[in-house]
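For reference, the structure is listed below as structure tokens.
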Amino acid sequence: MSILGVWNPPKDESILRKLYRYFMLSLQHFFLLFQVIYMVGVMGDLEEVSQSSFLLFTQACLCFKVTVFQVRMGSFRELLAQMNSDVFVPQNKGHEEILKLQATRIKRLLLGFMISSQTTCSLFALRPLFDDANRNFPFKMWMPVKPEHSPQYELGFLFQLLTISMSAFMYFGVDSVCLSMVIFGCAQLEIIKEKLLSITSIAEKRANKPTEVNSILEENYRVLIECVVQHQAVIKFVKLLENTYHAQLFFQLSGSIGLICMTALRILVVDWKSVQFVSMVLYLSVMCSQLFVCCWSGHELTVISSELHTTLYQCCWYEQRAPFKRALLFAMMRMSRPLEFRAGRYVPLSRQTFVTILRMSYSYFAVLNQANSRNEVLDHQTSITNHH
């Protein structure tokens, strides 16, 4: 993201670096503008619209995400500051292992998404070399140059190839920032659970280390208060994260319905032996996997936070003093409400949301496919009537 010019710029950003950042962002917006111009020209042709709309939706989502990321850069810096605050610092190797485990899980998912997205971009670039008899650009979109002449064809081909590759990296980068922060919240909740379970019986603690009972009770109360403070910090962090990125997530969830629908519709009319068919199938799988990672991360946050009040009850609260039990009661009342990460402040990210989006996409796909089949039948009957 630093190479692409969309990462957190330094406070003393030079003019040259700022111009480079604006140039990289303008390339993506020009790419979107060329697609909009082409889409306006073919409006009414269902086949052409279905062939180009998936790329239009993807690029529009990317431009919106990057724009939101740049506009909300102040909130992003505040999120980084909260992640580095003292309340979230791991206190032992066990806490560090929890952070590493959660980081490894999200890294593997995002790495798979990045590799598959770049593979899809490569197949899109190879499509005109294998499927088209004439020289064509990788994507159907308006271009200021024509493919019939050189070096216009080479320049246009290079522009589309480099821009779509950068788009995939930006798409991956912006998503990785948001989703990794959600998983960071999950890791902090796991650390809270580990701290609560460390409140064992007094006899067990005295067996491991001879200590006065009063010191053990004071230490247990300190751990409980520390967990409550950390839980409040996680709530504040998740709330700020949702306020920062809820718009782009809602735009992505809404656009995914159209993306999946139009891509599946296109797959039906493409020759299964062509490179385009393989690229479209891979593109559909990439979009579904990216959508699943978003919903999975929100689901993990909700599930882990819902287990906290049960973990509170599992500690040896019955051996503690009255202040401990009173604080425990209030903590259980608050932690009984699980955290939810919402897109658009309304749609919770969960596995159920993922299934709902797939169902809606299939419903729209079935309607469009039926309408397209009916139009083909009518066109066929009209041609037979005209022939007779």
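What follows is calculated from the coordinates using simple rules that are stated; it is not laboratory data. Because the structure is predicted, anything quoted here is derived from the model rather than measured. Don't worry about glycine lacking a Cβ; one is built from the backbone with ideal geometry, like all the others, and counts go over all protein chains shown.
Miscellaneous remarks
- By other beta-carbon atoms within 10 Å, ranking HIS246, HIS149 with the fewest at the front produces HIS149, HIS246.
- Tail fraction, Cα-Cα pairs, the range 150-247, threshold 24 Å, whole percent: 55 percent
- Potential lengthening between LEU80 and ARG108 on full extension [0.36 nm per residue; Cα-Cα distance subtracted]: 7.9 nm
- FRET efficiency, GLN70 to SER165 (Cβ-Cβ, R0 22 Å, nearest 0.05): 0.60
- Rg over Rh [alpha-carbon atoms, Kirkwood Rh] for the chain: 1.10
- Simple spin-label estimate for GLU154 and THR211 gives 7.3 nm between the two label positions (7 Å along the Cα-to-Cβ direction from each Cα).
- Based on the Kirkwood approach, the hydrodynamic radius assigned to the range 13-100 is 16.8 Å, with every pair of different Cα atoms included.
- Using the Karplus relation 6.51 cos²θ - 1.76 cosθ + 1.60 with θ = phi - 60°, the per-residue 3J(HN,Hα) values for the range 59-75 come to 5, 5, 5, 5, 4, 5, 4, 5, 4, 4, 4, 6, 5, 8, 4, x, 5 Hz, with x marking Gly and Pro.
- Remark: for residue pairs LYS11/LYS193; LYS107/LYS205; LYS107/LYS193; LYS18/LYS236; LYS65/LYS146; LYS65/LYS195, the C-alpha separation exceeds 27 Å in LYS11/LYS193; LYS107/LYS205; LYS18/LYS236; LYS65/LYS146; LYS65/LYS195.
- Expected 222 nm ellipticity per residue - DSSP helices of 4 or more, -39500 (n - 2.57), all of the chain, to 500: -28000 deg cm²/dmol
- FRET efficiency for LYS146 and SER289, using Cβ-Cβ distance with R0 set to 35 Å, rounded to 0.05: 0.45
- With a cut-off of 17 Å on the backbone N, the residues of the range 160-194 near the modelled label site 7 Å out from TYR20 along Cα-Cβ are 166, 170.
- Fully extended contour minus Cα-Cα distance, from PHE130 to LEU268, at 0.36 nm per residue: 47.7 nm
- Counting only the Cα atoms, the range 78-173 fills a convex hull of 125 Å³ per residue.
- Euclidean distance of C-alpha centroids, the range 19-94 and the range 239-279, integer Å: 14 Å
- Across the range 324-367, the fraction of Cα-Cα pairs farther apart than 11 Å, rounded to a whole number, is 74%.
- Between CYS316, CYS178, CYS186, the GNM of the chain built on Cα springs shorter than 10 angstrom shows CYS316 fluctuating the most.
- Stokes-Einstein D in µm²/s, Kirkwood radius over Cα pairs - the range 1-155 at 37 °C with 0.692 mPa s viscosity: 169 µm²/s
- Compared with the direct C-alpha span, the chain from THR200 to VAL303 gains 34.7 nm at full extension, assuming 0.36 nm per residue.
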